[in-house]
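What follows is a short report on a single structure.
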Amino acid sequence: MDFGEIVMIEQGQKVKGYELIVSLPYSNAGYPQVFRGQNQECLLTGLKDIFEHLEHVPRIIWFDNLSAAVAGIGDQGNRKLVDQFYRFTLHYGFKAQFCNPGKGHEKGHVENKVGYSRRNFFVPEPAFDDIQEFNHGLFAVAENDHRRKHYSKGSEISELLNEDITAMLPLPAKPFEVGRTEKLVANKYGKVRYDRNIYSASPQVAGKEIYIKLRAHQVEIFNEEYQSIVTHKRLYGQGQELMDWLPYLSTLAKRPNALKYSGFYHELPDPWQEYLADLEYEEKRKSLKLLVRMITETDMDTATICLLETMDSGKADADSILLSYRRLTEPTFNDFLPLLSAGTNSPAIYTPDLACYDVFLKAGENR
């Protein structure tokens with residue numbers, strides 16, 4: 001197994017990524033999966049997903065001395081394994097072998113496979129919105145690649161792969177749950193900092209201890225009672241922030257007058273700050289509840305577009321914002337607008353068809 005650096009386009013943004021490769025030297029089959037990092041969660045998630053695709057586990061896997069697996073090397077070359085990696089090997093029953101320090105060529109087969117998959121699968125740069133969905137599709141790409149002939153054995157790689165799988169271990173009855181949990185303290189805004197990035201939690205946990213569970217692609221935040229608050233996409237890099245507005249707005253919708261005195265108020269988009277500033281209690285409560293609905297169904301950007309569109313029309317209240325929102329998000333709602341503008345007493349609302357009564361009358365005449 002090895003990691004290799006690639007470039008990919010995630011949600012329209014070009015980013016650095018890593019391909020995790022498991023190669024099988026006998027058949028020359030290989031399976032890539034892509035990640036934003038090379039951390040422990042990425043390593044174990046990639047291996048687990050490949051095991052589950054194969055429905056088997058290799059008996060021995062060779063690794064470099066990557067920090068996600070090896071905590072230290074003793075005098076006799078004995079490796080002290082990272083706890084979660086060690087439990088992972090026990091769960092799946094495979095033996096982890098490690099190259100000698102500075103002797104990466106000892107796993108030359110997989111390094112060649114890293115280069116092969118980079119040239120054949122990741123040029124040009126792959127573009128996707130959902131990395132997990134993309135990884136699932138990579139299995140079909142790999143299986144298609146296995147239809148070629150082995151470079152020296154004359155048989156198709158897919159045929160030799162069947163022999164590889166026959167020699168492997170069966171999957172255990174239950175999958176290993178990959179994830180690392182740490183305890184942190186939320187700041188006065190109910191946010192937490194981890195690995196030089198910031199994630200929102202909830203105003204209810206401001207200044208309190210919380211738990212953050214780290215996975216390869218997500219982080220989940222729990223309160224002191226270990227109740228889930230929010231799940232975010234995991235950030236890679238530094239100086240970034242993710243904000244989930246729902247826990248904050250849901251709390252403030254119950255106490256609208258507290259909004260202006262919360263630090264969170266100043267993080268709202270400017271149009272919402274201006275709109276909410278001078279509202280009376282009941283209209284503020286109604287608008288906050290509508291904002292909760294809009295971001296639950298779509299996102300803050302969509303909600304802000306609806307607010308700006310409504311303000312441009314000269315009348316901004318919760319009912320008018322809802323009308324803009326439905327017009328933007330429900331295409332068929334536009335067909336109903338002429339009926340609304342016609343008025344409740346207009347024939348455009350409903351014109352009765354009396355022809356059905358003629359049928360009944362004629363039926364009576366035949367008796």
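The values are calculated or read from the model by the stated rules, or taken from the named source; none is laboratory data. Model, not experiment: these values are computed from the prediction. Here the Cβ positions follow ideal geometry from the backbone for every residue, glycine too, while neighbour counts run over all protein chains shown. In case anyone asks, the SASA skips ligands and DNA or RNA and just uses the protein heavy atoms, side chains included. Shrake-Rupley method; radii C 1.70, N 1.55, O 1.52, S 1.80 Å.
Which of the residues that make up region 28-49 are assigned to a loop (DSSP other than H, G, I, E, B) and open to solvent by less than 10 Å² (accessible area, probe 1.4 Å)?
Gly37
State all residues of region 181-236 that are among the aliphatic types (A, V, I, L, M), farther than 29 Å from His136 by Cβ and in a strand (DSSP E or B); if no residue qualifies, say none.
Result: Leu184, Val185, Val192, Ile198, Ile210.
Of the conditions (1) in contact (Cβ under 8 Å) with a residue 60 or more places away in the chain; (2) under 15 Å from Arg36 (Cβ atoms), Asp130 clears all except one; give me its number.
Checking Asp130 against (1) in contact (Cβ under 8 Å) with a residue 60 or more places away in the chain; (2) under 15 Å from Arg36 (Cβ atoms), the one that fails is (1).
Looking only at region 278-298, filter to residues that are part of a loop (DSSP other than H, G, I, E, B) and of a type outside the set (D, E, K, R); which one of those is most open to solvent (accessible area, probe 1.4 Å)?
Top of the filtered list is Thr298.
May I ask you to list the residues in region 117-162 that are assigned to a loop (DSSP other than H, G, I, E, B) and either surrounded by 14 or more Cβ atoms within 10 Å (Cβ to Cβ) or hydroxyl-bearing (Ser, Thr, Tyr) (or both)?
Once the filter is applied, which keeps residues that are assigned to a loop (DSSP other than H, G, I, E, B) and either surrounded by 14 or more Cβ atoms within 10 Å (Cβ to Cβ) or hydroxyl-bearing (Ser, Thr, Tyr) (or both), region 117-162 yields Phe122, Pro126, His146, His150, Tyr151, Ser152, Ser155.
I need the full set of residues from region 309-332 which are closer than 16 Å to Trp272 by Cα and open to solvent by less than 80 Å² (accessible area, probe 1.4 Å), in order please.
Listed by number, the residues that qualify are Glu309, Thr310, Met311, Gly314, Ala316, Asp317, Ala318, Ser320, Ile321, Leu322, Ser324, Tyr325.
Considering only residues that are acidic (Asp, Glu) and on the phi < 0 side of the Ramachandran plot, which ones fall in region 176-223?
Glu177, Glu182, Glu209, Glu220
Out of region 115-131, which residues are of a type in the set (S, T, N, Q) and within 15 Å of Tyr18 (Cβ to Cβ)?
Listed by number, the list holds a single entry, Ser117.
Taking region 202-220 only, how many residues are modelled with pLDDT under 95, crowded, with 17+ Cβ neighbours inside 10 Å and not hydrophobic (A, V, I, L, M, F, W, C)?
Of the residues in region 202-220, 2 are modelled with pLDDT under 95, crowded, with 17+ Cβ neighbours inside 10 Å and not hydrophobic (A, V, I, L, M, F, W, C).
Among the candidates Tyr281, Tyr325, single out the residue that is modelled with pLDDT of 80 or more and in contact with a Lys or Arg (Cβ under 9 Å, 6 or more places away or on another chain).
Tyr325
Can you name the residue in region 243-259 that is open to solvent by 20 Å² or more (accessible area, probe 1.4 Å) and within 13 Å of Arg285 (Cα to Cα) and is also modelled with the highest pLDDT among such residues?
Ser250
Which count do you get for residues in region 221-234 that are closer than 19 Å to Asn187 by Cβ and open to solvent by 30 Å² or more (accessible area, probe 1.4 Å)?
Summing the residues that are closer than 19 Å to Asn187 by Cβ and open to solvent by 30 Å² or more (accessible area, probe 1.4 Å) in region 221-234 gives 2.
What tally of residues in region 106-129 results from selecting those that are farther than 18 Å from Val7 by Cβ and out of contact with any Phe, Trp or Tyr (no Cβ under 6 Å at 6 or more places or on another chain)?
Going through region 106-129 one residue at a time, the tally reaches 7.
I'm checking my understanding of the structure. Among residues of region 196-241 that are polar (S, T, N, Q) and closer than 26 Å to Leu43 by Cβ, which one is nearest to the chain's Cα centre (by Cα)?
Gln218
Give Val22, Val7, Val57 a once-over and let me know the one that is of a type in the set (A, V, I, L, M, F, W, C), in contact (Cβ under 8 Å) with a residue 24 or more places away in the chain and either open to solvent by 20 Å² or more (accessible area, probe 1.4 Å) or farther than 26 Å from Arg180 by Cα (or both).
None of the others qualify; the one that does is Val7.
Does Tyr189 qualify as being aromatic (Phe, Trp, Tyr), open to solvent by 70 Å² or more (accessible area, probe 1.4 Å) and more than 26 Å from Phe94 (Cβ to Cβ)?
Yes: the conditions hold for Tyr189.
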